[in-house]
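Structure first, then comments.
The values are calculated or read from the model by the stated rules, or taken from the named source; none is laboratory data. Predicted, not measured: the structure shown is a model, and the values here were computed from it. For neighbour counting, all protein chains shown are included, and Cβ atoms are generated from backbone atoms with ideal geometry for every residue, glycine included. These area figures cover heavy atoms from the full protein model, side chains too; ligands, DNA and RNA do not enter into them. Shrake-Rupley method; radii C 1.70, N 1.55, O 1.52, S 1.80 Å.
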Amino acid sequence: MTFATAANLARLRENVGRVYRGETRTIDLVLTALLSRGHILIEDVPGVGKTTLARALGRSLSLDFRRIQFTSDTLPADVLGISVFHAASDRFEFHAGPLFANIVLADEINRATPKTQSALLEAMNEGAVTVESERRELPLPFMVVATQNPVEYLGTYPLPESQMDRFFLRLSLGYPTADEEKALLRRGGTERELATLPAVLERDQVFELQEAPERIRVADRLLDYLHALVAATRKAGELRLPVSTRGAQALYRATQSYALVQGRDYATPDDAQAVAEPVLAHRILSVSSDGFGAGAREKEFVKRVLAQVPVPV
């Protein structure tokens, strides 16, 4: 890892931490997703900093940042864009929607109907959308940071398994510590700090950071360990949906990126264990789960797998 890479990561972590005062590990996982070219789903009760964290990341990068506030009447065209007829030119012209940005905050995504949620599937998987039979590429880098309230709340539509699998990782923030919360109360919130938060990385620097994880060394024994974790989900009788190949690729990439965020040019089993739950838990489904909960059973299953699979030494 070069000095420039380490310095850029440190500046980005510090800048986001100026506004978001939760666990440092949460910021590290967000940076892991950014380095991995992945998307994030932040799920928790209202008012614990989900939107603040996403906005802090967006403002820290000199990229096009857009916010989509999802509601029950949000239509796919409100996300993708629409073609409008212009009499002066006697033709239809496409007006791009807010999805055509580098960092897209999909706020309260599960308040939108399934039809509108599905508008993000192609974008998140291929970095492009098809509008009126024409494929349109999205700007690079492209990252969706979605927030959602727990599905037990009124007016929510659970994300289907196919949509969940497109998210690189899922986070649950929890409440801040007592000291951090009291400091937040004394400052009067985060809006003023967010408004003055400077951008610390340019587009080219983001591209360089996203290429760096490919150079992180993963030993053969660690690769065997990662595959053993994935294979354990496929052998378990209590799961009706184990980890897919996409999930295995995400675990490998997240392990590399998390090692980079920790300042190393090689990955360790500790890196794999740090990212396993946020990367894998939302990709599996237990037999006893109805698929509409917060994934408590699935998180516990991942923890058991981590405890049972032998760690290479």
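A few points about this structure:
- Cross-link partners of residue 235 among lysines (Cα-Cα below 19 Å; sequence separation of 8 or more within a chain): 299, 303
- Think of the chain as a dipole: +1 on every Lys or Arg Cβ, -1 on every Asp or Glu Cβ, centred on the Cα centre; then among 307, 267, 168, 307 lies furthest on the positive end.
- Legend: calculated FRET efficiency, residue 296 to residue 125, from the Cβ-Cβ distance at R0 = 41 Å, rounded to 0.05, equals 0.90.
- Rg/Rh (Cα only; Kirkwood hydrodynamic radius) as it applies to segment 150-250: 1.08
- Rolling a 1.4 angstrom probe over the protein heavy atoms with all chains in place gives the chain an accessible area of 47 Å² per residue.
- Counting only Cα atoms, the size of the chain along its three principal axes is 71, 43, 40 Å, in decreasing order.
- Overall shape of segment 25-160 was characterised from the C-alpha gyration tensor. The equivalent ellipsoid obtained from it has semi-axes of 27, 19, 13 Å, in decreasing order.
- Cα centroid separation - segment 191-219 against segment 52-113, whole Å: 22 Å
- The Cα atoms of segment 62-125 cover 39, 31, 21 Å along the three principal axes, with the biggest extent listed first.
- Paramagnetic label zone (point 7 Å from Cα along Cα-to-C-beta, residue 246; backbone N under 12 Å) in segment 163-182: 163-169
- The modelled label-to-label distance between residue 215 and residue 161, using points 7 Å beyond Cα along the C-beta direction, is 4.0 nm.
- Ellipticity estimate at 222 nm from DSSP helix runs (n ≥ 4, -39,500 (n - 2.57)) divided over the chain, nearest 500: -13500 deg cm²/dmol
- Remark on segment 174-313: Rg and Dmax equal 18.8, 52 Å (Cα only).
- For the chain, share of DSSP beta bridges that run antiparallel, in % to the nearest 5: 40 percent
- Within the accessible area of segment 166-313 (1.4 Å probe), percent carbon and sulfur: 52 percent
- Normalised by the number of residues in segment 85-236, the average gap of Cα pairs under 8 Å and 6 or more apart makes the relative contact order 20 percent.
- Cβ-Cβ FRET estimate between residue 304 and residue 91, R0 fixed at 45 Å, reported to 0.05: 0.15
- Peptides 198-211, 244-257, ordered by how many other C-beta atoms sit within 10 Å of their residues on average, highest first, read 244-257, 198-211.
- Dipole of the chain, positive end: most advanced residue of 16, 184, 119 [Cβ charges, Cα centre]: 184
- Sorting the segments 137-148, 88-99 by their residues' average number of neighbouring beta-carbon atoms within 10 angstrom, most packed first, yields 137-148, 88-99.
- Hz values of 3J(HN,Hα) by residue in segment 119-125 - Karplus curve (6.51, -1.76, 1.60), Gly and Pro given as x: 5, 8, 4, 5, 4, 6, 8
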